[in-house]
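These notes are about the structure you will find just below.
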Amino acid sequence: MAFAEITLDWQIIAFAAAGISVFGSAMLIILSRAFNMKNLEQTAKTEFVYAASTVFIVLMIIGILNVGEPILVNIVRCLYLSAFGLNCADCTLTPMVGSGPGITGTPATTTIDYMKLYMETPVKCAQDALYSIYMASIPVESAASVYMEVFMSEPATGFGIKAFAERLKNTTQMLSFYLYIYYVLVHSLNFIKYYGGFFFALGVLLRAFPPTRGAGAYLMAAAIGFYLIFPFSYVLSSSIALPQAQGGVFTPAGGCTAAIEHGSPYYICNLPQVPFDVEGMQCGSASLSKLFEGATLLNAYRDNMLDLFDYKVGFIGSLTKTLVASICLGPLVAMIFTMTFILNTTNLFGGNIPEIGRGLVKLI
């Protein structure tokens, strides 16, 4: 749901709040003149100007969003497609959020949707990597959990592959952490997407009355900042940094035709290949002979298996860099731009009329 699609609700609230404020100010002007109260009349006139400025600000924001949001969405769409080597002018594709094998997602219609798409790509690779780790951990954990005595005196475990089992556990915990942060961000973005208009309307309501004017101005600026500036800043910074970081994680494939067939740019996740048949080792793994056979095979390929999950040059290392860039650094950079925007536009929406002019100069 785009911001423009929910303007009717907060327009009604904003105009109702401004109307009440204007009516109250007009009544105060009438009463102050009737009782010859000059100070009250001056205050009522000032409040009347504030109420009129609230209406003007709401109309300005409506115009900016109706005109500016589609332009921003088209820009971030081109940035997203260019990350996969696709030309947005030639490829008339609206990417799908949350799509996958057998899953039809929802069309990306806002900048928030494209921010989720940027994070979604490495996360899908991380999910595939977790599945591969799960498959590999079945024979590894079975062999590593065996306890035996060597020469009837010294205990030994794991047939010498305990190190690889620990590497699998550490990798699983690390990827699970990034997936957890990803889902926290996605649910937060969904909340902002559908309730940004509500909080802007609440800010307009607070902006119309003297005691809460400052809080209303801040809430209006925050609603615009988190709905529009935060995802746009993320996409802009990610379009510069992520294509290089993602080079070792996935490979774009199929061009625009494959992208249209899959609902989003199609890519191949460069998962490491286990050098033996892991699924074949699961059959009969409870038997002692099969366990010893699997342990012997794992020891034979131990160095190769450790290299696959090397944190410096292996796939997991490249995936970790991409996850850090897309889920940690990208939102941090976007938050800096967003808070700067909120700081400068709070005065623009603020209660002091002289501050509105200075706030507009800062914003420009």
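The values are calculated or read from the model by the stated rules, or taken from the named source; none is laboratory data. Remember, predicted model here, so these are calculated numbers, not experimental data. Ideal geometry is used to build each Cβ from the backbone, glycine not excepted, and the neighbour counts take in all protein chains shown.
The residues listed here are Ala89, Ala108; of these, the one that is without any contact (Cβ under 8 Å) to a residue 40 or more places away in the chain and within 18 Å of Ser326 (Cβ to Cβ) is Ala108.
Scan segment 109-118 and tell me whether some residue there is surrounded by fewer than 20 Cβ atoms within 10 Å (Cβ to Cβ) and either assigned to a strand (DSSP E or B) or at pLDDT 80 or above (or both).
yes
Count of segment 18-51 residues, restricted to those that are crowded, with 16+ Cβ neighbours inside 10 Å, at pLDDT 70 or above and of a type in the set (A, V, I, L, M, F, W, C), is 5. Here is a check on your reading of the model: is Val76 surrounded by 17 or more Cβ atoms within 10 Å (Cβ to Cβ), at pLDDT below 80 and more than 15 Å from Ile260 (Cα to Cα)? Criteria not met by Val76. Could you check, for segment 53-62, whether at least one of its residues is closer than 20 Å to Ile229 by Cα and either surrounded by fewer than 16 Cβ atoms within 10 Å (Cβ to Cβ) or at pLDDT 85 or above (or both)? The answer is yes, given that some residue of segment 53-62 is closer than 20 Å to Ile229 by Cα and either surrounded by fewer than 16 Cβ atoms within 10 Å (Cβ to Cβ) or at pLDDT 85 or above (or both). Of the residues contained in segment 200-217, one or more are found to be crowded, with 24+ Cβ neighbours inside 10 Å and closer than 23 Å to Lys116 by Cβ.
Comparison of Thr106, Thr92 shows that the only residue that is in contact with a strand residue (DSSP E or B) (Cβ under 6 Å, 6 or more places away or on another chain), of a type in the set (Ser, Thr, Tyr) and either at pLDDT 80 or above or crowded, with 20+ Cβ neighbours inside 10 Å (or both) is Thr106.
Scoring Val140 on the criteria (1) aliphatic (A, V, I, L, M); (2) at pLDDT 70 or above; (3) closer than 27 Å to Pro252 by Cβ leaves a single failure, condition (3).
Here Gly196 passes the criteria (1) surrounded by fewer than 19 Cβ atoms within 10 Å (Cβ to Cβ); (2) within 26 Å of Leu332 (Cα to Cα); (3) not β-branched (Val, Ile, Thr) except the one numbered (1).
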